[in-house]
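Have a look at the structure below before the remarks.
Read-outs throughout are calculated quantities, based only on the coordinates presented, and are distinct from any laboratory measurement. Keep in mind the model is a prediction, meaning the values are calculated, not measured. Glycine gets a Cβ as well: all are built from the backbone with ideal geometry, and neighbour counts include every protein chain shown.
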Amino acid sequence: MPDFETTSFGRISYEPEWAIEFPSGLPGFEDRRRFAAVKFEKSAPLVFLQSLEDPALCFITLPVLVVDPQYRLEVSGEDLGQIGLAPGKQPRIGTDVLCLTVISIRESGPTANLLAPIIVNLRNLKAVQAVAPESEYSLQHVLLPEEAPVCS
Amino acid sequence: MLVMSRRAGETILIGDDIEIVITHIGRSRVKVGIRAPRETLVIAREVKLVREENLAAAVTTPPAALSNLVARLQPARTPHSSLQIPRR
């Protein structure tokens, strides 16, 4: 198993057959194609998407169903085609695809990008960050709302 | 905003270096060809927003903020505010 040095986790080893490949990279990181999904018991359910090409590049993600158990995929035919899925119907989360939402840690608290989830085809490990133009989901869905103020 | 009407096959020029060609007009979609210098970013609006969000998300996270997030997400030992479920 090859080793890879990372900024966030130090040296990690991974199975090359388990490397996730983004044929077009991700928006903003179009030339970063290969990632490993890293999980630790201590930080479950977070899934870290560690770049296998840039030791300092890592995305924090959550399985989308953890954030919204009712989440409905609206992946475009083009995005489905990119990862080898039939464009006609939406894939099933868990059986056909792994669906992750990228977390941003902001000063105001963590948010999840529900507008553009990362879809990983479980059969070939090809992935795409699917941007659906007409999505009603939020780009910055607040994960931990402030405690409601007490009315006096 | 300048609004122009064009037929399929017609072209719009922007500045000295950019050309927009209406290549096909469909029922609900327009196919647009864009000629621009390499350095000029040409992307769908919603992709630009996702791009910016990814760039912000990829910044190294202070460990404290991360362990706080994990503590809130793991099965709570004491009652805590739960994840906000979005309303569609």
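At a glance:
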item	result
Contour minus Cα-Cα distance for A:Arg92 and A:Val142 (0.36 nm per residue)	15.5 nm
Most to least packed among A:113-125, A:24-36 [average Cβ atoms within 10 Å]	A:113-125, A:24-36
Residue mean of other protein chain beta carbons inside 10 Å, A:98-107	3
Once the Cα gyration tensor of chain A is diagonalised, semi-axes √(5λ) in Å	26, 22, 13
Proximal charge balance of A:Ala86 [Cβ under 15 Å; K/R count +1, D/E count -1]	+1
Rel. contact order, % - alpha carbon contacts under 8 angstrom, at least six apart, chain A	18 percent
Average partner coverage of B:44-53, which counts Cβ from other chains inside 10 Å	6
Reachable lysines from A:Lys39, criterion Cα separation under 28 angstrom, eight or more residues apart if same chain	A:Lys126
Gyration tensor (alpha-carbon) shape descriptor, segment B:1-63, a/c threshold 1.5	prolate
Most mobile listed residue (A:Gly94, A:Gly77, A:Gly109) in chain A, GNM with C-alpha springs under 10 Å	A:Gly109
Relative contact order computed over segment A:18-68 (Cα-Cα under 8 Å; 6+ residues apart), in percent	25 percent
Two-site label geometry, B:Ala36 and B:Arg6: point separation in nm, points 7 Å out along Cα→Cβ	1.3 nm
Local net charge near A:Glu21, Cβ-Cβ under 9 Å (Lys/Arg +1, Asp/Glu -1)	+3
Net charge, A:Pro117 excluded, C-beta distance under 13 Å - Lys, Arg +1, Asp, Glu -1	-3
